1. Is it true that T9 is assigned to a strand (DSSP E or B) and of a type in the set (S, T, N, Q)?
2. Does region 39-48 contain any residue that is part of a helix (DSSP H, G or I) and either touching a His at 6+ places or on another chain (Cβ under 6 Å) or touching a residue at least 24 places away in the same chain (Cβ under 8 Å) (or both)?
3. If you take the residues of region 18-36 that are free of Cβ contacts under 8 Å to residues at least 12 places away in the same chain and in a strand (DSSP E or B), which of them is nearest to Q8 (Cα to Cα)?
4. Would you check which residues across region 1-26 are surrounded by 10 or more Cβ atoms within 10 Å (Cβ to Cβ) and at pLDDT 95 or above and list them?
Amino acid sequence: MNALSERQTAKVGMRLGKRVKFVARADLTPAGLLAISALVCGILLSTSVIVKTALDGNGR
């Protein structure tokens, strides 16, 4: 089996009081995790450019 196609799973649950319960499950491959990481990095880098531009426009 290829190392990049081996699936990894994670599950987490949270309960609020007696009536509300949340359960989340993720099923990813390492290649998918790398793709998600690249997207998050792109979002964070573009956000820093937007914030810097906004602050420079205010005379700071």
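The values are calculated or read from the model by the stated rules, or taken from the named source; none is laboratory data. Bear in mind that the values here come from a model prediction, so they are computed numbers and not experimental data. A quick note on method: Cβ atoms are made from the backbone with ideal geometry, for glycine too, and the neighbour counts reach across all protein chains shown.
1. Taking the combined requirement at face value, the residue satisfies it.
2. No, there is no match, as no residue in region 39-48 is part of a helix (DSSP H, G or I) and either touching a His at 6+ places or on another chain (Cβ under 6 Å) or touching a residue at least 24 places away in the same chain (Cβ under 8 Å) (or both).
3. Looking at residues that are free of Cβ contacts under 8 Å to residues at least 12 places away in the same chain and in a strand (DSSP E or B), I get F22.
4. If the condition is that a residue be surrounded by 10 or more Cβ atoms within 10 Å (Cβ to Cβ) and at pLDDT 95 or above, then R15, K21 are the ones that fit.
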